[in-house]
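Asks: Here it is, the structure in full.
The values are calculated or read from the model by the stated rules, or taken from the named source; none is laboratory data. Keep in mind that what you see is a predicted model, and the values were worked out from it rather than measured. Quick reminder, even Gly has a Cβ in these numbers, built from the backbone with ideal geometry, and neighbours come from all protein chains shown.
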Amino acid sequence: MSDSDLEENVFAAPQAELTDGADKEKLVLQFERISAWFVFFIGLITLGIYNVYWLYSRTLIANNLAKEHKINVNWLYSYISLFAINLVASFAGLETLALIVQVINFVVYIVLVFSMRRAFIEIINAGSENYTHLNGILTFLFSSIYFQYKINEAIDRQK
């Protein structure tokens, strides 16, 4: 026996990668599974502030996972800024300013949500045997709740 064999710690845990390569292709598994009802009720209770947080956090995750269809974060930051300005203007009693900002914010929101839709389609379908389509009308009407529902559905199917 040499000295190097004696210096090796025999009680150390073996070093090995414990995941198989198949999960690396299933990008949707990187998202946290949250109930769509939770997203709905927390968004309702917080008057939409949680939905803004949801869009922010999921955009960052989606941009890390998507290879072709990245979400332009300038739309995200514009949406968050306009949301905050609208909130302040509403509480300050500046109805005209709040209305103008709200209309601009709505347009930015639509562009942001549909760019997220493209990224989510890519992520959900990566490593999946069945193609999942995200409906444009449901994206327009329910965005974060619908996205969370489809993410949960894909997580359940791919696990």
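Asks: Looking at Ala119, Ala98, Ala89, Ala84, which one is part of a helix (DSSP H, G or I) and in contact with a His (Cβ under 6 Å, 6 or more places away or on another chain)? Give the derivation first.
Replies: Working: Ala98 fails: in contact with a His (Cβ under 6 Å, 6 or more places away or on another chain); Ala89 fails: in contact with a His (Cβ under 6 Å, 6 or more places away or on another chain); Ala84 fails: in contact with a His (Cβ under 6 Å, 6 or more places away or on another chain).
Residue meeting the stated conditions: Ala119.
Asks: Identify, please: which residue in the stretch 133-153 is under 12 Å from the mean Cα position of the chain (by Cα) and of a type in the set (A, V, I, L, M) and is, among those, modelled with the highest pLDDT? I'd like the intermediate steps shown before the answer.
Replies: Let us first name the residues in the stretch 133-153 that are under 12 Å from the mean Cα position of the chain (by Cα), namely 143-152.
Within this subset, residues satisfying the condition of being of a type in the set (A, V, I, L, M) are 145, 151.
Numbers: Ile145: 92, Ile151: 86.
Step by step, filter the stretch 133-153, then rank; the result is Ile145.
Asks: Only one of (1) assigned to a helix (DSSP H, G or I); (2) crowded, with 16+ Cβ neighbours inside 10 Å fails for His69. Which number is that?
Replies: It is condition (1) that His69 fails.
Rundown of residues vs (1) out of contact with any Leu (no Cβ under 6 Å at 6 or more places or on another chain); (2) of a type in the set (A, V, I, L, M), yes/no style:
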| site | (1), (2) |
| --- | --- |
| Ile71 | yes, yes |
| Phe83 | yes, no |
| Phe91 | yes, no |
| Asn105 | no, no |
| Tyr109 | yes, no |
| Phe114 | yes, no |
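Asks: Count, please, the residues in the stretch 32-63 that happen to be among the basic types (Lys, Arg) and either within 21 Å of Asn86 (Cβ to Cβ) or in a helix (DSSP H, G or I) (or both).
Replies: Applying the first criterion (among the basic types (Lys, Arg)) to the stretch 32-63 yields 33, 58.
Keeping just the survivors that are either within 21 Å of Asn86 (Cβ to Cβ) or in a helix (DSSP H, G or I) (or both) gives 58.
Selection size over the stretch 32-63: 1.
Asks: Do you know which of the residues in the stretch 141-156 that are under 15 Å from Phe31 (Cα atoms) and aromatic (Phe, Trp, Tyr) is surrounded by the fewest Cβ atoms within 10 Å (Cβ to Cβ)?
Replies: This residue is Tyr149.
Asks: I need the full set of residues from the stretch 82-140 which are closer than 22 Å to Leu47 by Cβ, surrounded by fewer than 18 Cβ atoms within 10 Å (Cβ to Cβ) and hydroxyl-bearing (Ser, Thr, Tyr), in order please.
Replies: Those that are closer than 22 Å to Leu47 by Cβ, surrounded by fewer than 18 Cβ atoms within 10 Å (Cβ to Cβ) and hydroxyl-bearing (Ser, Thr, Tyr): Ser90, Thr96.
Asks: Hey, could you check the stretch 25-41 for residues that are of a type in the set (Phe, Trp, Tyr) and under 26 Å from Ala126 (Cβ atoms) and say which is modelled with the highest pLDDT?
Replies: Pass one, the stretch 25-41, residues of a type in the set (Phe, Trp, Tyr): 31, 37-38, 40-41.
With under 26 Å from Ala126 (Cβ atoms) added as a condition, the list becomes 31, 38.
Numbers: Phe31: 81, Phe38: 93.
My answer is Phe38.
Asks: Kindly check whether there is at least one residue in the stretch 47-56 that is at pLDDT below 90 and either exposed (fewer than 13 other Cβ atoms within 10 Å of the Cβ) or within 27 Å of Glu153 (Cα to Cα) (or both).
Replies: Restricting attention to the stretch 47-56, the residues satisfying the condition of being at pLDDT below 90 are 47-48.
Imposing the further condition that a residue be either exposed (fewer than 13 other Cβ atoms within 10 Å of the Cβ) or within 27 Å of Glu153 (Cα to Cα) (or both) reduces the set to 47-48.
Yes - at least one qualifying residue is present in the stretch 47-56.
Asks: Any idea which of Val103, Val113 is over 20 Å from Tyr53 (Cβ atoms), β-branched (Val, Ile, Thr), modelled with pLDDT of 90 or more and not in a loop (DSSP other than H, G, I, E, B)? Before the answer, list the steps.
Replies: Working: Val113 fails: over 20 Å from Tyr53 (Cβ atoms).
Checking each option against the conditions leaves just Val103.
Asks: Taking the condition of being charged (D, E, K, R) and over 22 Å from Ala126 (Cα atoms), how many residues in the stretch 42-101 meet it?
Replies: Of the stretch 42-101, the ones charged (D, E, K, R) are 58, 67-68, 70, 95.
Keeping just the survivors that are over 22 Å from Ala126 (Cα atoms) gives 95.
Looking only at that region, the number is 1.
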